[in-house]
Amino acid sequence: MRSQREPLFLARQSYRRRRVEDAARLLPLLGVVLFLLPLMVGGEIGSVRLAFVFSSWFILILSAMLLARHLGRDAEQRPIGSQSKPLAPSEDPAGRR
């Protein structure tokens with residue numbers, strides 16, 4: 001008879017948190033691509049390109065704010081014991097130094 005195994009999938013909360021962290025890591029790369037797009041087209045810089053740069057900048061700021069708010073909210077909801085901290089030598093159960 002087979003024993004009960006835990007599911008192979010991650011918990012939904014930790015999975016979402018990791019995806020939000022991934023999005024936060026990719027945000028600067030998206031910013032570089034958005035700022036270089038008007039330069040790659042060529043020609044003179046007009047009002048449309050300038051509006052594109054500033055609207056891209058505004059969207060990047062808003063998305064960074066939303067990601068930071070989401071990550072901060074997740075950090076507040078985590079249980080206190082889930083944060084790992086190094087043990088002091090006197091607290092080490094194995095007695096290692």
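The values are calculated or read from the model by the stated rules, or taken from the named source; none is laboratory data. Here the structure is a predicted model, which means the values were calculated and not measured. For accessibility, only protein heavy atoms count, side chains too; no ligands or nucleic acids. Shrake-Rupley method; radii C 1.70, N 1.55, O 1.52, S 1.80 Å.
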Review point. Any idea how many residues of the stretch 1-44 are of a type outside the set (Lys, Arg), closer than 20 Å to residue 71 by Cα and at pLDDT below 90?
Key: 5
Exercise for review: Please determine, by comparing only the residues of the stretch 45-82 that are open to solvent by 100 Å² or more (accessible area, probe 1.4 Å) and modelled with pLDDT of 85 or more, which one is farthest from the chain's Cα centre (by Cα).
Suggested key: 48
